[in-house]
Amino acid sequence: MSLKARAREKVERAGISNYSFDHDVLVMCGVRYTLAACSCGEPDCDGVRLERSPGMPHHILQ
Ligand SMILES: [Zn+2]
């Protein structure tokens with residue numbers, strides 16, 4: 001399974017439906033997360049980590 005598919009499962013399991021993918025970057029609430037393989041070995045690990053991308057500044061609309 002690709003990282004992208006794992007990330008999709010992860011966020012959907014968390015009950016989040018308001019997300020999208022920009023190529024291999026997950027975007028939730030205007031925040032971009034880089035996908036990284038996780039190898040922590042914990043039994044409930046889904047094999048993917050979401051790393052908050054420092055790349056683009058964003059502004060939260062109030
Ligand atoms: Zn892990």
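The values are calculated or read from the model by the stated rules, or taken from the named source; none is laboratory data. Quantities reported herein were computed from a predicted structural model and do not represent experimental measurements. Quick reminder, even Gly has a Cβ in these numbers, built from the backbone with ideal geometry, and neighbours come from all protein chains shown.
See the values below:
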quantity	calculated
Members of the stretch 15-39 found to be surrounded by fewer than 10 Cβ atoms within 10 Å (Cβ to Cβ), away from the ligand (no atom under 14 Å from the Cβ) and not acidic (Asp, Glu), listed by number	15, 17, 18, 20, 23, 29
Subset of the stretch 45-57 [under 10 Å from the mean Cα position of the chain (by Cα) and within 14 Å of the ligand (Cβ to nearest atom)]	48, 49, 50, 51
Any pair with Cβ under 9 angstrom, 6 or more apart, that starts in the stretch 29-49 at a residue that is in contact (Cβ under 8 Å) with a residue 12 or more places away in the chain and ends at one that is within 13 Å of the ligand (Cβ to nearest atom) and part of a loop (DSSP other than H, G, I, E, B)	37/47; 46/38; 47/38; 47/39; 48/38; 49/38; 49/40
Lone qualifier among 12, 42 - being within 16 Å of the ligand (Cβ to nearest atom) and modelled with pLDDT of 90 or more	42
